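Data first, discussion second: the structure below is written as structure tokens.
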Amino acid sequence: MIIFGAGGDLTKRKLIPALFYLCQGGLLPETFAILGLDRLEMDDEAFRDGMADAVKEHVGSAWNEATWRKLCHHLHYMQGNIKEEATYMAVCERLSRLDAERGTEGNYLFYLAVPPSLFPDITRHLGAVGLTAESEDDWRRVIIEKPFGNDVESAKALNGMLHETLDEDQIYRIDHYLGKETVQNIMVFRFANGFIEPFWNRQHIDHVQITVAESVGVEHRGEYYEQAGALRDMIPNHLLVLLGFLAMEPPNSFESGAVRDEINKVLDAIHPLTPEQVLTHAVRGQYGEGVMPTGERVPAYRSSPGVSPTSGRETYAALKLTMDNWRWAGVPFYLRTGKRLAAQYTEIVIQYKRAPKIMFKNTDIEQMTPDMLVLRIQPNEGIQMSFGAKIPGPRMRVGTVNMDFCYADYFGNAPATGYETLIYDCMNGDATLFKHADTVEKGWEIVESVMDVWNALPARDFPNYAAGTWGPAAAGDLLKNDGRLWRRIK
Ligand code: BG6
């Protein structure tokens with residue numbers, strides 16, 4: 001595994017800790033080597049020492065000296081400038097030596113932990129020195145991370161440039177939401193149980209809410225965020241991944257092609273918003289200064305480093321989407337995400353239709369919470385079902401109760417970075433949890449009409465929500481106008 005950008009944050013925070021956990025689980029073969037590449041001059045020993053500190057910091061109490069010693073002797077480093085051709089010749093030589101020393105047999109996984117603007121150059125250089133050419137015995141794969149372009153056109157251009165050197169099945173596009181156990185479990189929950197699917201459709205479901213709420217601000221990423229905003233940063237990728245898994249038809253198998261086809265069908269069925277609909281079905285917001293629930297007073301987005309003091313960039317986005325297919329016709333999917341909200345959590349709410357008639361006296365159907373299934377993606381991972389039950393006593397009264405499954409109760413709190421499954425799958429050539437070029441392009445198509453309208457009509461009311469609140473009032477109206485409410489966590 002060759003990591004470009006081995007000195008960067010991603011390598012320290014996620015990649016090496018993930019390899020540590022894989023090693024701990026006995027999932028790394030002996031004939032395996034990691035070659036880190038970056039600008040800094042250092043030898044293998046210095047690289048190993050730096051990574052030991054990073055792993056200790058990020059795996060916390062899961063640190064284990066014996067596992068580290070096992071992993072550490074697989075780690076190597078070379079200095080190089082990724083913009084220079086000579087670097088790639090040197091990589092070739094170093095890899096031939098590692099092949100011989102470690103018996104790695106010429107299978108290479110390139111992890112591009114670098115800004116996306118460098119992806120085309122790196123892959124072109126790798127191609128030029130023959131490092132992307134596969135043979136019957138050797139595979140060559142490349143992992144890249146979002147953002148994959150910033151609209152349909154740039155995503156197509158990026159895919160086109162990658163395809164100059166790589167076949168589509170050599171490209172592994174990571175969306176780290178697909179590495180989350182609870183996201184993968186959406187498919188298991190739906191398709192490994194017989195009792196869910198019969199009720200998973202427009203006959204029984206009133207609407208679906210997908211919330212990715214963050215209490216953090218833009219932190220040190222002001223410059224990136226000024227370009228991206230909440231819509232681009234989260235919706236075409238993470239939120240649509242959740243929506244895809246929720247809405248897809250059962251695939252014929254859990255194989256990459258079969259799953260991808262079903263997800264693409266969902267994306268194709270999403271009704272693109274017309275410019276008029278954007279005005280009523282999409283809401284944007286930007287946080288001003290405010291007080292977080294912890295009592296901390298935090299500055300406005302416009303006061304963040306790298307952000308314009310008059311910025312019109314949204315830090316909150318909510319959409320109402322509908323689908324043109326038999327399963328979901330008429331069922332709205334409400335999506336929302338934002339920074340500096342009152343809580344940090346990701347959850348999916350499936351709200352079922354009310355019973356057609358309540359025959360129990362003393363029970364006001366309007367007072368009852370509708371039956372609801374909540375998939376808690378993070379934190380406090382689990383699944384909750386809310387339904388009506390008789391309140392004990394001589395009078396017949398109905399109240400809402402919860403049935404709750406918590407991952408931690410059943411499976412403990414296995415530490416993980418979320419990258420283990422993805423790296424492991426890539427090593428095994430399983431692309432099921434990675435994004436295909438057309439899935440990425442379809443994601444952009446869905447949000448492009450919103451981006452166009454928002455770009456054409458600057459928001460005059462920004463900032464329109466205070467940090468530490470639930471976002472702009474208009475996001476509440478998006479549901480209220482349909483006679484519904486966002487679920488609030490307590
Ligand atoms: C990233 C976004 O892709 O996902 C960030 O760029 C966001 O802005 C992050 O904070 C959220 O990921 P998670 O795993 O913390 O929900």
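Of all residues in the range 215-236, how many are surrounded by fewer than 19 Cβ atoms within 10 Å (Cβ to Cβ), in a helix (DSSP H, G or I) and near the ligand (Cβ under 10 Å from one of its atoms)?
Qualifying residue count for the region: 2.
Return the only residue of ALA247, ALA192 being more than 16 Å from the ligand (Cβ to nearest atom), crowded, with 19+ Cβ neighbours inside 10 Å, over 20 Å from LEU341 (Cβ atoms) and small (Gly, Ala, Ser). So that I can check it myself, show each step before the final result.
Numbers: ALA192 fails: crowded, with 19+ Cβ neighbours inside 10 Å.
Sole residue among the options that is more than 16 Å from the ligand (Cβ to nearest atom), crowded, with 19+ Cβ neighbours inside 10 Å, over 20 Å from LEU341 (Cβ atoms) and small (Gly, Ala, Ser): ALA247.
Among (1) touching a His at 6+ places or on another chain (Cβ under 8 Å); (2) aliphatic (A, V, I, L, M); (3) within 24 Å of GLN184 (Cα to Cα), where does ALA408 come up short?
Going through the list (1) touching a His at 6+ places or on another chain (Cβ under 8 Å); (2) aliphatic (A, V, I, L, M); (3) within 24 Å of GLN184 (Cα to Cα), ALA408 breaks only (1).
For the range 1-34, name all the residues that are outside any helix (DSSP H, G or I) and within 24 Å of ILE122 (Cβ to Cβ).
MET1, ILE2, ILE3, PHE4, GLY5, ALA6, GLY7, GLY8, PHE32, ALA33, ILE34
Condition first: at pLDDT 95 or above and under 20 Å from VAL216 (Cα atoms). Now tell me which residues in the range 474-490 satisfy that.
Within the range 474-490, ALA475 is the sole residue that qualifies.
I'd like the full set of residues that are assigned to a helix (DSSP H, G or I) and either within 11 Å of the ligand (Cβ to nearest atom) or not acidic (Asp, Glu) (or both), limited to the range 250-261.
Result: SER256, GLY257, ALA258, VAL259, ARG260.
Within the range 171-191, can one find any residue that is more than 17 Å from the chain's Cα centre (by Cα), closer than 24 Å to ILE144 by Cβ and not basic (Lys, Arg)?
yes
For LEU267, indicate whether it is outside any helix (DSSP H, G or I) and either in the same structural domain as VAL447 (by the TED database) or within 13 Å of the ligand (Cβ to nearest atom) (or both).
It is false that LEU267 is outside any helix (DSSP H, G or I) and either in the same structural domain as VAL447 (by the TED database) or within 13 Å of the ligand (Cβ to nearest atom) (or both).
Of everything in the range 317-341 that's under 30 Å from MET292 (Cβ atoms) and not aliphatic (A, V, I, L, M), which residue is farthest from the ligand (Cβ to nearest atom)?
Filtering the range 317-341 for residues that are under 30 Å from MET292 (Cβ atoms) and not aliphatic (A, V, I, L, M), the one farthest from the ligand (Cβ to nearest atom) comes out as LYS320.
This table checks each residue for (1) in a strand (DSSP E or B); (2) within 16 Å of the ligand (Cβ to nearest atom); (3) at pLDDT below 95.
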position: PHE387; (1), (2), (3): yes, no, yes
position: LYS390; (1), (2), (3): yes, no, yes
position: THR400; (1), (2), (3): yes, no, yes
position: PHE405; (1), (2), (3): yes, no, no
position: PRO415; (1), (2), (3): no, yes, yes
position: THR421; (1), (2), (3): no, yes, yes
position: TRP444; (1), (2), (3): no, yes, no
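Mind listing whichever residues of the range 293-306 are buried (at least 20 other Cβ atoms within 10 Å of the Cβ) and assigned to a loop (DSSP other than H, G, I, E, B)?
Within the range 293-306, ALA300, SER304 meet the criteria.
Can you find even one residue in the range 64-84 that is surrounded by 12 or more Cβ atoms within 10 Å (Cβ to Cβ), of a type in the set (A, V, I, L, M) and farther than 23 Å from PHE110 by Cβ?
No.
Restricting the search to the range 166-197, which residues are aromatic (Phe, Trp, Tyr), closer than 24 Å to PRO415 by Cα and modelled with pLDDT under 95?
TYR177
For the range 77-195, give me every one of the helices (runs of 4 or more DSSP H) that falls completely inside it and has 2 or more residues that are within 21 Å of GLU262 (Cα to Cα) and of a type in the set (Phe, Trp, Tyr). Explain how you work it out, then say what you get.
Details: elements: 85-102, 119-128, 152-165, 181-191.
In the range 77-195, the matching helices (runs of 4 or more DSSP H) lie at 181-191.
Run ASN150 past the list (1) in contact with an Asp or Glu (Cβ under 9 Å, 6 or more places away or on another chain); (2) within 16 Å of the ligand (Cβ to nearest atom) and report the number of the one that doesn't hold.
Condition (1) is where ASN150 drops out.
Mind telling me which of the residues LYS339, LYS353 ends up being crowded, with 21+ Cβ neighbours inside 10 Å and either closer than 22 Å to GLY222 by Cβ or assigned by the TED database to the domain that holds VAL450 (or both)?
On the way: LYS353 fails: crowded, with 21+ Cβ neighbours inside 10 Å.
Exactly one of LYS339, LYS353 is crowded, with 21+ Cβ neighbours inside 10 Å and either closer than 22 Å to GLY222 by Cβ or assigned by the TED database to the domain that holds VAL450 (or both), namely LYS339.
Quick check on the range 342-354: of everything there that is out of contact with any Ser or Thr (no Cβ under 7 Å at 6 or more places or on another chain) and of a type in the set (A, V, I, L, M), which residue is farthest from the ligand (Cβ to nearest atom)?
Within the range 342-354, the match that is farthest from the ligand (Cβ to nearest atom) is ILE350.
With VAL208, VAL212 as the choices, which residue is near the ligand (Cβ under 10 Å from one of its atoms) and either modelled with pLDDT of 95 or more or closer than 22 Å to ASP482 by Cα (or both)? Spell out how you get there, then give the answer.
Values: VAL208 fails: near the ligand (Cβ under 10 Å from one of its atoms).
Being near the ligand (Cβ under 10 Å from one of its atoms) and either modelled with pLDDT of 95 or more or closer than 22 Å to ASP482 by Cα (or both) holds for just one of VAL208, VAL212, which is VAL212.
The values are calculated or read from the model by the stated rules, or taken from the named source; none is laboratory data. Values in this document were obtained by computation on a predicted structure and should not be read as measured data. Neighbour counts are summed over all protein chains in view; Cβ atoms, including those assigned to glycine, are modelled from backbone coordinates with ideal geometry.
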